Amino acid sequence: MSCGGFKFLEHTADVYFVSSGLTIEEAFENAAKAMFEVITDTSKVEPRECVDVSDECSDMLNCLYRWLEDLLILHDTRNMVFSKFKFKFVELGSDLIKFSGTACGEVFNHEEHEPRVVVKAVTYSLMRVENVGSCWYAYVVLDI
């Protein structure tokens, strides 16, 4: 896999993927895209409405988990699907990390959007974030 994007990996019961990017932020954005690709065909999701996300976390794994979990909560509570993402770290403290992001999409419509798999939760199973050479990788398992 070249640096940038995502690919799905083998897993016995759930969805497992790796996302990548030239920066850790880009890897997190591509992780969000991968998660929503599980839910629907993101190429058919118009970025009509953008929603801001901000949260705090304790380390990079917790940041990845909370970013994806916050997006999944928006999907579940507002029935929205997203296709464009922006993630940035706001504050990198010793005990607390703050981030903000934006997810752009629209309300899920059965006539326009293909329903795929229901994602129940983001998990810490096999989760890791690593920098290899000039590329960042984020590994995630989604409970389906």
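Rounded to the nearest 500, what is the 222 nm mean residue ellipticity of the chain from helices alone, with -39500 (n - 2.57) per DSSP H run of 4+ residues and division by all residues? Working shown, then result.
Values: 2 runs with 35 residues, N = 144.
Result for the chain: -8000 deg cm²/dmol, rounded to the nearest 500.
Grab the other residues whose beta carbon is less than 12 angstrom from that of Tyr16, score K and R as +1, D and E as -1, and report the net. Overall, the nearby charge balance is -1.
Dipole of the chain computed with +1 at Lys/Arg Cβ and -1 at Asp/Glu Cβ about the Cα centre; of Leu74, Val132, His11, farthest Cα towards the positive end is Val132.
Residues whose amide H lies under 5 Å from that of Cys3, counting only those 5 or more places away or on a different chain, are absent; hydrogens are built 1.01 Å from N in the peptide plane.
The angle separating the long axis of helix 60-78 from the principal Cα axis of greatest extent in the chain is about 20 degrees.
Amide H contacts under 5 Å for Asp41: Glu114, restricted to partners 5 or more places along the chain or on a different chain, H placed in the peptide plane at 1.01 Å from N. Potential lengthening of the chain between Lys88 and Asn131 amounts to 13.8 nm, from the contour at 0.36 nm per residue minus the alpha-carbon distance. Residues whose amide H comes within less than 5 Å of that of Ile144, counting only those at least five positions distant or on another chain, are Val15, Lys120 (H built at 1.01 Å from N in the peptide plane). Can you check what the net charge comes to around Ala121, using other residues whose Cβ is under 10 Å from the Cβ of Ala121 (Lys, Arg +1; Asp, Glu -1)? Computed value for this residue: -2. Using alpha carbons only, how many degrees (0 to 90, rounded to 10) separate the axis of helix 24-39 from the longest principal axis of the chain? It works out to around 30 degrees. Here the dipole of the chain is about 200 debye; that uses its Cα centre as origin and unit charges on the Cβ of Lys and Arg (positive) and Asp and Glu (negative).
Computed from the coordinates by the stated procedures, all read-outs in this text should not be read as laboratory data. Note that the structure is a prediction, hence the values are computed from the model and not measured. Heads up, the Cβs are rebuilt from the backbone with ideal geometry, glycines too, and the neighbour counts pull from every protein chain shown.
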